[in-house]
Amino acid sequence: MSSRKKPARGTAKPVPKKRTSRPAPKRAAKPAAPRSGAYADFMVQAYAMENDARDRYTEFADQMEVHNNTAVAQLFRKLARIEGLHATRIVREMGWRKPPAAAEAWMWRQSEAPESVPPGELHYLMQPWHALELALACEQRAVRFFTGISGSTAPADVKRIAREMAAEEREHVQLIREWMKKVEKPDPGWDRDPDPSLYSE
Amino acid sequence: MNAPAQAAQLTPQKFKSDVKPVWCPGCGDYTVLSSITKALAALAVRPENVAVVSGIGCSSRIPAYTTCYGFHGVHGRALAAATGLKVARPDLTVIAAGGDGDGYSIGGNHFLHACRRNVDLTYIVMDNRVYGMTKGQPSPTTEPDWDSKLSPQGTGLREFHPLVIALASGANFIARATSSDPNGTAELIVQAVRHPGFSFIEVLSPCVTFRPEQRTWKDRVHPAPVAPTDDPGRAARRLMTDDGFNIGVLYAGHRKPYRTEQSATPSSVAELEAEFIL
């Protein structure tokens with residue numbers, strides 16, 4: 001590992017808080033209708049998605065902390081906390097005493113969870129704006145994921161909750177766009193390191 | 001689309017230690033670590049029944065990042081230590097891990113003979129075609145024309161072809177994985193551990209610091225277009241002609257794994273000590 005100078009980067013300004021609780025009344029106010037087995041399966045999957053996203057952001061925060069990029073580390077930590085709250089809320093709403101083991105060990109067969117940033121996207125000189133850009137792409141993938149289910153042949157109760165979740169993810173997309181407006185956009189050449197790791201004499 | 005992993009009680013998190021990896025952000029080795037922990041959870045083996053053995057290099061730090069038993073050994077000697085361990089304790093799941101320099105250069109001879117001996121263990125090589133820890137020297141798998149300050153105009157040396165060499169040396173399971181697909185890599189590790197004999201997985205794991213161009217690997221990899229074969233001749237033809245980005249199991253043979261006659265487990269420390277008296 002090479003020694004690297006702490007990069008100069010834009011200071012993140014106060015940002016709008018991403019809403020962490022859904023407008024619960026919509027769902028809570030409805031009389032408890034019998035739910036299909038597919039509904040529980042879907043919620044396990046939704047939990048796994050939030051959980052995976054939290055874990056990935058946590059890993060990223062750890063990576064950036066190790067490399068002393070504290071601004072981005074803090075931002076990833078905040079995003080992890082938000083995804084964790086979403087996961088916890090699903091547990092609460094489903095009345096699970098603890099997260100289902102199947103969700104904890106969920107393996108997405110074809111690809112990764114839609115709301116997780118793909119691995120390998122980080123750069124040690126990245127700035128908060130880049131982190132938000134990655135988060136934005138995740139939220140957009142989540143919108144597509146839930147929209148796809150809401151338009152599928154899934155049972156009605158699954159389609160309904162998928163529609164609600166798609167709407168929430170759309171809100172998150174908007175919130176992150178607002179957040180990005182308040183963060184300094186990096187200049188071209190942001191990844192130029194005055195003390196590069198490559199031997200260059 | 002997806003399915004719950006088999007081991008519901010053991011989560012990947014249980015296989016991660018509190019030690020934070022110090023790899024560069026974006027390094028493929030993070031994904032391989034994640035894939036190993038997912039695979040072990042899916043295999044439903046307990047951390048205390050798994051040993052992760054490594055040599056020296058960036059990727060060889062991996063044992064410390066798991067809660068399994070670990071052995072961070074001498075440069076190039078991961079397979080020697082892993083082989084000894086598995087022969088002595090066949091009840092353990094033994095995973096050897098490391099990089100292309102450690103495995104194919106310093107440990108090249110051990111690699112050949114580990115394939116030949118066919119002891120039931122899994123070898124995961126995180127190949128980034130460079131010595132990252134020592135700041136970017138060409139490794140055995142580096143392309144001959146990779147131009148860098150440390151190898152002006154490239155080495156001009158033909159690169160090592162680990163999968164072909166593994167096949168020729170007798171490896172019983174050969175797969176290629178990519179760090180851009182953590183779950184796919186986890187599934188391959190599960191298959192490799194379950195397959196009897198010496199299983200070898202080469203993971204394309206970019207070094208974003210010294211080989212930043214490898215970030216594009218994720219766009220070049222593709223699933224192997226054919227099913228795995230158990231015919232070494234056919235596998236050899238495929239491996240010799242593939243583009244280096246085929247992902248999946250490429251060979252799964254039926255050679256009987258090496259086994260030793262099991263002596264009775266010593267019942268006391270004194271009995272164990274007696275075995276070492278010359």
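The values are calculated or read from the model by the stated rules, or taken from the named source; none is laboratory data. Quick caveat: nothing in here was measured; it's all calculated off a predicted structure. Note that each Cβ is placed from the backbone with ideal geometry, even for glycine, and that neighbours are counted across all protein chains shown.
Out of everything in segment A:110-155 that is of a type in the set (Asp, Glu) and within 14 Å of chain B (Cβ to nearest Cβ), what residue ends up being nearest to B:Pro206 (Cα to Cα)? Talk me through it step by step, then tell me what you get.
The first filter runs over segment A:110-155 and keeps only residues of a type in the set (Asp, Glu), leaving A:112, A:115, A:121, A:133, A:139.
Add one more test, that the residue is within 14 Å of chain B (Cβ to nearest Cβ), and what stays is A:112, A:115, A:121.
Numbers: A:Glu112: 19, A:Glu115: 23, A:Glu121: 11 Å.
Per the stated criteria, the residue is A:Glu121.
The condition of being more than 20 Å from B:Cys115 (Cα to Cα) and of a type outside the set (Ser, Thr, Tyr) holds for only one of B:Val203, B:Val190, B:Val226, that being B:Val226.
Considering every residue within segment A:5-15, establish whether at least one is modelled with pLDDT under 95 and within 17 Å of the chain's Cα centre (by Cα).
The initial filter retains those residues of segment A:5-15 that are modelled with pLDDT under 95, namely A:5-15.
Filter once more, keeping what is within 17 Å of the chain's Cα centre (by Cα): A:15.
Yes, the conditions are met somewhere in segment A:5-15.
For B:Leu79, the requirement of being surrounded by fewer than 22 Cβ atoms within 10 Å (Cβ to Cβ) and assigned to a helix (DSSP H, G or I) is not met. Within segment B:2-28, if we keep just the residues that are surrounded by fewer than 19 Cβ atoms within 10 Å (Cβ to Cβ) and more than 7 Å from every other protein chain (Cβ to nearest Cβ), the residue that is modelled with the lowest pLDDT turns out to be B:Gln6. Residues in segment B:36-73 that are in a helix (DSSP H, G or I) and over 17 Å from B:Lys20 (Cα atoms): B:Lys38, B:Ala39, B:Leu40, B:Ala41, B:Ala42, B:Leu43, B:Pro47, B:Glu48, B:Asn49. A:Pro194 fulfils the conditions (1) out of contact with any Lys or Arg (no Cβ under 9 Å at 6 or more places or on another chain); (2) over 23 Å from A:Leu79 (Cα atoms); (3) part of a loop (DSSP other than H, G, I, E, B) except for a single criterion, (1).
Can you find a residue that is facing chain B (nearest Cβ under 10 Å), surrounded by 20 or more Cβ atoms within 10 Å (Cβ to Cβ) and touching a helix residue (DSSP H, G or I) at 6+ places or on another chain (Cβ under 9 Å) anywhere in segment A:78-95? Lay out the reasoning, then the answer.
Looking only at segment A:78-95, we keep the residues that are facing chain B (nearest Cβ under 10 Å), and these are none.
So far as segment A:78-95 goes, no, none of its residues is facing chain B (nearest Cβ under 10 Å), surrounded by 20 or more Cβ atoms within 10 Å (Cβ to Cβ) and touching a helix residue (DSSP H, G or I) at 6+ places or on another chain (Cβ under 9 Å).
Of the residues in segment A:169-180, at least one is under 30 Å from A:Arg35 (Cβ atoms) and free of Cβ contacts under 8 Å to residues at least 24 places away in the same chain.
Across segment B:97-131, the number of residues qualifying as within 17 Å of B:Glu159 (Cβ to Cβ) and within 12 Å of the chain's Cα centre (by Cα) comes to 9. Pairs linking a residue in segment A:39-51 that is more than 14 Å from A:His86 (Cβ to Cβ) to a residue that is in a helix (DSSP H, G or I) and modelled with pLDDT of 90 or more, with Cβ atoms under 8 Å and 6 or more positions apart or on different chains, are A:Tyr39/A:Asp157; A:Tyr39/A:Val158; A:Tyr39/A:Ile161; A:Ala40/A:Met94; A:Phe42/A:Ile149; A:Phe42/A:Val158; A:Phe42/A:Ile161; A:Phe42/A:Ala162.
For segment A:62-75, the set of residues classified as more than 10 Å from chain B (Cβ to nearest Cβ) and surrounded by 23 or more Cβ atoms within 10 Å (Cβ to Cβ) consists of A:Leu75 only.
Of all residues in segment B:165-201, those satisfying the criterion of being within 14 Å of another protein chain (Cβ to nearest Cβ) and not in a helix (DSSP H, G or I) are B:Ala177, B:Thr178, B:Ser179, B:Ser180, B:Asp181.
For segment B:208-237, a residue qualifies if it is more than 30 Å from A:Met126 (Cα to Cα) and either within 14 Å of chain A (Cβ to nearest Cβ) or more than 21 Å from the chain's Cα centre (by Cα) (or both), and the qualifying residues are B:Pro223, B:Pro225, B:Val226, B:Ala227, B:Asp231, B:Gly233, B:Arg234, B:Arg237. Number of residues in segment B:257-278 that are within 28 Å of B:Thr122 (Cβ to Cβ), modelled with pLDDT of 85 or more and in a loop (DSSP other than H, G, I, E, B): the value is 1.
Being closer than 21 Å to A:Pro99 by Cα and more than 9 Å from chain A (Cβ to nearest Cβ) narrows it down to one residue among B:Thr67, B:Thr37; which is it? So that I can check it myself, show each step before the final result.
Working: B:Thr67 fails: closer than 21 Å to A:Pro99 by Cα.
Result of the check over B:Thr67, B:Thr37: B:Thr37.
Just to be sure before I move on: is B:Thr209 assigned to a loop (DSSP other than H, G, I, E, B) and buried (at least 17 other Cβ atoms within 10 Å of the Cβ) in the structure I sent?
Values: assigned to a loop (DSSP other than H, G, I, E, B): yes; buried (at least 17 other Cβ atoms within 10 Å of the Cβ): yes.
In short, yes.
Taken over segment B:44-58, the criterion of being within 13 Å of another protein chain (Cβ to nearest Cβ) and under 23 Å from B:Leu204 (Cβ atoms) is satisfied by B:Gly57, B:Cys58. Can you confirm whether B:Ser139 is of a type in the set (S, T, N, Q) and surrounded by fewer than 22 Cβ atoms within 10 Å (Cβ to Cβ)? Answer is no for this residue.
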